[in-house]
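A short write-up of the structure that comes next.
The values are calculated or read from the model by the stated rules, or taken from the named source; none is laboratory data. Keep in mind that this is a model prediction, so the values were computed, not measured. Methodologically, a virtual Cβ is constructed for each residue, glycine included, from the backbone with ideal geometry; neighbour enumeration extends over all protein chains shown. When the accessible area is computed, the model is the full protein with side chains, heavy atoms only, and any ligands, DNA or RNA have been set aside. Shrake-Rupley method; radii C 1.70, N 1.55, O 1.52, S 1.80 Å.
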Amino acid sequence: MAAPAVSGLSRQVRCFSTSVVRPFAKLVRPPVQIYGIEGRYATALYSAASKQNKLEQVEKELLRVAQILKEPKMAASVMNPYVKRSIKVKSLKDITAKEKFSPLTSNLMNLLAENGRLTNTPGVVSAFSTIMSVHRGEVPCSVITASPLDDATLSELKTVLNSFLSKNQILKLEVKTDPSIMGGMIVRIGEKYVDMSAKTKIQKLSKVMREVF
């Protein structure tokens, strides 16, 4: 029974991707493939926005949509499963008109409302943000240290991390503190992961000592 539903969703997404561009326009493939329902909507939106050179505009609008849907009053009505779908559609049309969103963003929100998938909106926004991050050549990097880094150390760290990137890549660094690692740092850059924390070193040393003695 699930196959017809998935097939129907695929047709609806394809219709959305061509509803604001010429019917014979080819689908613009995103720089990264994201699976699931959210990924399909985000991919269709990326293709349509790319054709109109409105990727950045749509990205900003989606972030605004996410903010609006988090507002208690709005969440209680639009995100409430017991509110009639027709009421949700009307509410969203009023919002998109008030915010002066582009037809791309407005059509997406209307489609999500009509299909009863407004609860997937945060996932669609997140998926589109991920696609745009890769589109800009951003490489996510997280660094965890036991205590905050001073400016000199942080600057040196950025220099080292940037040396691992190619010419067109941009470092997107996030630094967090976690006293439990006791010292050193844990670095995740792209798909690579390096644990240089004192905690892990002590655990490894403890394991070796137990094997010896």
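What to note about this one:
- Translational diffusion coefficient of the range 50-147 (Stokes-Einstein, Kirkwood radius from Cα pairs, 20 °C, 1.002 mPa s): 146 µm²/s.
- Packing rank of 105-117, 55-67, 171-183, where each peptide gets the mean count of other beta carbons within 10 Å, highest leading: 105-117, 55-67, 171-183
- Cα-Cα separations in the range 90-213 greater than 22 Å, expressed as whole percent: 58 percent
- What the range 21-153 shows is 55 Å² of accessible area per residue, with the surface traced by a 1.4 Å probe over protein heavy atoms.
- Legend: calculated FRET efficiency, Lys172 to Phe213, from the Cβ-Cβ distance at R0 = 30 Å, rounded to 0.05, equals 0.10.
- For the range 174-185, putting each phi into the Karplus relation 6.51 cos²θ - 1.76 cosθ + 1.60 with θ = phi - 60° gives couplings of 10, 10, 10, 10, 8, x, 5, 7, 6, x, x, 7 Hz, in residue order, rounded to whole numbers and with x for Gly and Pro.
- Ligands, DNA and RNA left out, the 1.4 Å accessible surface of the chain is 57% carbon and sulfur atoms.
- Estimated D of the range 36-92 in µm² per second, where Rh is the Kirkwood radius over Cα pairs and Stokes-Einstein applies at 20 °C, 1.002 mPa s: 166 µm²/s
- Full extension of the segment from Arg64 to Asn80, taken as 0.36 nm per residue of separation minus the current Cα-Cα distance, would add 3.8 nm.
- The Kirkwood radius of the chain, taken over pairs of alpha-carbon atoms, gives through the Stokes-Einstein law at 20 °C and 1.002 mPa s a diffusion coefficient of 105 µm² s⁻¹.
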